[in-house]
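Student: Handing you this structure, nothing more for now.
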Amino acid sequence: MKRVLFLFLLFFINLPHILAQCPACKTAIESNMKEGATAGLGLNDGILYLLAAPYLLFGTVIFFWFRNRRKQQPEQGEA
């Protein structure tokens, strides 16, 4: 219980610092795009890669779980 409370407090103590990063990043990219640079496009691609990774991992785990489950079902019916 103490561990959960500690992590909870640690998260909320750092929350303003964590939330401040979104506007800072947005401001930097907006000024970069106004100058004609393409850093914003790279950032968008990076966000998509980071967003897709957990879904691909979860989908792979579910795929193998269902495949192994199907292989085991006929074996259980014969016994």
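We did not get these values from a lab; they are worked out from the coordinates using the rules stated. Keep in mind that what you see is a predicted model, and the values were worked out from it rather than measured. So basically every Cβ, Gly included, is an ideal-geometry build from the backbone, and we count neighbours across all protein chains shown.
Student: What pairs come up if the first residue lies in region 1-13 and is free of Cβ contacts under 8 Å to residues at least 40 places away in the same chain, the second is part of a loop (DSSP other than H, G, I, E, B) and among the polar types (S, T, N, Q), and their beta carbons are under 7 Å apart, counting only those six or more places apart or on different chains?
Tutor: So the pair list comes out empty.
Student: A further question on this structure: Quick one: what pairs do we get from region 27-50, first residue free of Cβ contacts under 8 Å to residues at least 12 places away in the same chain, second among the hydrophobic types (A, V, I, L, M, F, W, C) and surrounded by 10 or more Cβ atoms within 10 Å (Cβ to Cβ), C-beta under 6 Å, 6+ apart or different chains?
Tutor: Qualifying pairs under 6 Å: ASN32/ALA39; GLY40/ILE29; GLY40/MET33.
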